[in-house]
């Protein structure tokens with residue numbers, strides 16, 4: 001049997017809500033972050049119903065995506081410039097290695113490993 005209690009930290013995300021709740025499955029209780037969406041199955045509908053009735057602690061805020069780590073931003077910036085090894089090789093052959101290195105260094109400077 002699955003039950004939940006103590007809904008809190010409710011954040012609206014699209015048509016659903018991200019919240020923290022105490023989830024009990026077969027007698028074992030754990031605090032979890034849960035994303036309840038319409039037609040999501042499981043306990044989505046009962047959680048949405050409870051939130052709709054005001055059965056939660058605190059207010060409702062907007063969900064904000066967490067910021068990507070600096071290393072991921074850097075990798076994405078490099079991948080946007082050279083989506084595959086052949087694109088990189090084409091640039092090297094067309095522009096020369098020095099130009100490509102300068103472009104790469106500029107991307108790395110704009111997206112430092114340890115920065116945000």
Please tell me if residue 36 is touching a helix residue (DSSP H, G or I) at 6+ places or on another chain (Cβ under 8 Å), on the phi < 0 side of the Ramachandran plot, modelled with pLDDT of 95 or more and assigned by TED's automatic domain parsing to the domain that holds residue 22.
-> yes
Which pairs have Cβ atoms under 7 Å, sit 6 or more apart or on different chains, and link a residue in the stretch 88-99 that is without any contact (Cβ under 8 Å) to a residue 24 or more places away in the chain to one that is part of a helix (DSSP H, G or I)?
-> 91/100; 92/100
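The values are calculated or read from the model by the stated rules, or taken from the named source; none is laboratory data. Given the structure is predicted, the values throughout are model-derived calculations rather than measurements. Note: ideal-geometry Cβ built from the backbone for every residue, glycine included; neighbour counts use all protein chains shown.
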